[in-house]
Each structure stands twice: as structure tokens, then as C-alpha cells.
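Notes to accompany the following structure.
Bear in mind that the values in this text are calculations on the coordinates, not laboratory data. Predicted model only: the values in this text are computed from it and were never measured. Positions of Cβ are generated from backbone atoms using ideal geometry, with glycine treated the same way; all protein chains shown enter the neighbour counts.
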Amino acid sequence: MARNPRNYPETMASPESGRPMFRGEKLVSVSVEGQTFRYRQPGWWCSLEDPNDLEGQLVDDDNLIAEMARRTAEAMVKGETFTPLLIRAIRIHCRLSQREAGEVFGTGAKSFEKYETGQIRPSEPTKHLLWLAMMRPELFTKTKTSALKTPVIPDLKSIRRTIREAKLDRFYAPMFQQR
């Protein structure tokens, strides 16, 4: 069940018809350039079951969910893999604020706010970092001291493997054997 912000009563009268509205999530659609995308929209609805009865009211964070659905649908129509929703999910999964994410990714303090609102799209290098953060979020998580969680001493096994796989070990492997 959708959460009830501000402890509203169990039912409210619809400002349109006076019918009772109930708090819940309803499967609704957003259409962009002829393509239809469905998502669950929290809000106050006269009918949670009837998909054709869209009489209801969005309050508080309900509008933010509707906006994110629209922005994400627009990005999907344009063929974007890193939609505003996915970028937000990656940032949250890394436990970063928008400002912290901008610092960690080196894109600027306001960049993630703009990515998540669809104002700008991330650059190709940033998309690569987003993919890495999606696969390995622990590499992008900040500690309590506000520093990235990077090992002080790099993993010697990983260093050796990387040098070997790059076929540079013939020359440089001896440098890492005594460490």
C-alpha cells in the first residue's frame, strides 16, 4: 500500500465529483511520441481497480513519482540506456547525495540533479562510470569521513593480473614481485 504522507484520513472526497477517494497505488500509463509506458502511481483514487477510472488526486511526493516516470519514458523513447530513473537508482545504491555523486564522479556539484531531472545527459565517460557504479557500487560509496572507499594499498593480486592481461608483465612483472 502506498504510504500515507502527513497522516491523511482513510478517505477523502474528490474535489471533482465528491466521490470518496482512497490512498493507494494505481497502474497508470504515460505516453510519449506514441509509445505507452505503465507504472504504479501512488495517490488518492476513487477506484484502485478500474483502469479507466482515473479520477483522483496526487499530493506531496506523488507528483515527483509522476514526473520521474515521464522523464524516464522520454529518455527511453530517445534510446537512452541511462535514464533519469536509472541514474537516480545508481546514486541511491551507492548511498550518495546528488552533490556527493557529482564530487565522486567528477562531474560537478549540480550535475546529478540535472541528470535526474533530464535537463542534461551524462557524457560517455560518465556513462562508463555509471555502469561501473551499477556493477560495483562499493567502489563509489563514501565513508563517514567523506572520502571514497579506495584501498590505501592497491590489491597486489589485481595489479599483477592487470599487468599480465595487458601483456606488459614481460617487462614490468619484476617490479611487483617483491611487494
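Brief remarks follow.
- At an R0 of 45 angstrom, the distance between the Cβ atoms of VAL77 and ASP53 translates into a FRET efficiency of 0.95.
- Across the chain, Cα pairs under 8 Å and at least six residues apart give a relative contact order of 11 percent.
- Tilt relative to the chain, helix 62-77 - C-alpha long axis, 0 to 90 degrees, to 10: 60 degrees
- Rounded to the nearest 20, the size of the Cβ-charge dipole of the range 1-54 about its Cα centre is 260 debye, with Lys and Arg at +1 and Asp and Glu at -1.
- Considering only alpha-carbon pairs that sit under 8 angstrom and 6 or more positions apart, the relative contact order computed for the range 99-139 is 25 percent.
- Efficiency of FRET between ASP60 and ARG19 - r from beta-carbon atoms, R0 25 angstrom, step 0.05: 0.75
- If you wrap the Cα atoms of the range 1-52 in a convex hull and average its projected area over all directions, you get 4.4 nm².
- About the Cα centre, charge dipole magnitude for the chain (Lys/Arg +1, Asp/Glu -1 at Cβ), debye: 1440 debye
- Over the range 24-116, all Cα pairs binned in 10 Å intervals from 0 give whole-percent P(r) values of 16, 38, 30, 14, 2, listed from short to long.
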